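Student: Please see the structure below; I have some questions.
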Amino acid sequence: MRTIHTIAELRSALNAERLNGKRIGFVPTMGNLHEGHLQLIDQAKANSDVVVSSIFVNPLQFGQGEDLDNYPRTLQQDQEKLASRGCDYLFAPSDAEVYPHGREAQTQVEVPVISDMYCGESRPGHFRGVATVVTKLFGMVQPDVAIFGEKDFQQLMVIRRMTEDLSLPVEIQGAAIARNNKGLALSSRNGYLSEDELDTAVNLYATLQATANQIKSGDKDFSELEEQAQKRLESAGFARDYYKICRRYDLQPAGADDKELVIVAAAKLGPARLIDNIQINL
């Protein structure tokens, strides 16, 4: 695997691959990689000839008081993990390489409506930062296909909409949520939790499963189901953020006649804010 730090070197390398007719797959990350990230690499390998991953802790998507300075930076271990899964190129740019005119003067990309709810309401400006950096990375890498985890379901929807609206020639693929043997969605932020908190954290997915089973059994009082779930999480030790039953295609609140649903949830546990979701087909 070749590690590259500049856009010029990246473009030179990938232009040579394209001239040889190679299909480019891309997995953008913020590093501190776990098995969930590596499964994205596996999916990229299955859907392309050359796999590029990026590691960039994007300051634009962190709000005031969030964990930018403390976010784990583990480049050497990440390089070893990526190489072990057959990644061909790692792009690890500096802040100045990505934002050469500084963050304040950076042109920004905003995806309206879908960015303003749920995580967007809890973290104002977060999805503007995500959309901006992903648009820039697409311009740098120029991939044929890009893979994003479905754990960040709202982020995946924002990126799909952005790619469609800006007519970017990139196929966006979602990848199934990777979980540990107790059902907890794998996340870099799980590293902030104590052993006891990790045991508690599995209640988030268990609650999503319980709500999904109630809906499949015919319960359509979605507001009441959401409130029941919030109380269950609070009794387990979580602090509320959001818990919403949505139409999958646009994340608007679901109605009784909707058939393709997703329940999206975020809750705070100790020092970590955990997110998860479950999809339902009726």
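Every read-out reported here was derived from the displayed coordinates using simple, explicitly stated rules and does not represent laboratory data. Bear in mind the structure is a predicted one, so any value in this text is a computation, not a measurement. With ideal geometry, Cβ positions are generated from the backbone for all residues, glycine too; neighbour counts draw on all protein chains shown.
Student: Take the Cα radius of gyration of the range 117-228 and divide it by 2.2 N^0.38 Å, with N its residue count; two decimals is plenty. Could you put the intermediate results ahead of the total?
Tutor: Working: Rg = 17.2 Å, N = 112, 2.2 N^0.38 = 13.2 Å.
Cα-based Rg divided by the globular estimate yields 1.30.
Student: Run through the DSSP bridge list for the chain and note the antiparallel percent, rounded to the nearest 5. Provide the component values of the computation, followed by the final result.
Tutor: Details: 20 of 39 bridges.
Here the antiparallel bridges make up roughly 50 percent for the chain.
Student: If you don't mind, there's one more thing I want to ask. Given a Förster distance of 25 Å, report the FRET efficiency between Thr3 and Asp116 from their Cβ-Cβ distance, rounded to the nearest 0.05.
Tutor: For R0 = 25 Å, the calculated efficiency reads 0.10.
Student: Something else about it: Sorting Arg232, Arg85 on the 10 Å Cβ count, fewest up front, what's the list?
Tutor: Arg232, Arg85
Student: Using only the alpha-carbon atoms, how far is helix 126-141 inclined from the longest principal axis of the chain? Give it as 0 to 90 degrees, nearest 10.
Tutor: 30
Student: If you don't mind, there's one more thing I want to ask. Quick check on the exposure proxy: order Ser217, Ser194 from fewest to most C-beta atoms within 10 angstrom.
Tutor: The fewest-first ordering by Cβ neighbours comes to Ser217, Ser194.
Student: Neighbouring Cβ atoms within 10 Å as the yardstick, rank His126, His5, His101 fewest first.
Tutor: Lowest count first: His101, His5, His126.
Student: For the chain, what is the number of Lys pairs with C-alpha distance below 17 angstrom, counting only pairs 8 or more positions apart or on separate chains?
Tutor: Qualifying lysine pairs in the chain: 13.
Student: Rounded to whole Å, give me the distance from the Cα center of the range 177-225 to that of the range 104-137.
Tutor: Spelled out, the Cα-based centre of one part sits 26 Å from the other.
Student: Rounded to the nearest 0.05, what FRET efficiency do Ala236 and Leu75 have when you use their Cβ-Cβ distance and R0 = 35 Å?
Tutor: Approximately 0.45, to the nearest 0.05.
Student: Work out, step by step, the length gained on full extension between Asn181 and Ser12: first 0.36 nm times the residue separation, then minus their alpha carbon distance; give nm to one decimal.
Tutor: Between Asn181 and Ser12, full extension yields an extra 56.6 nm.
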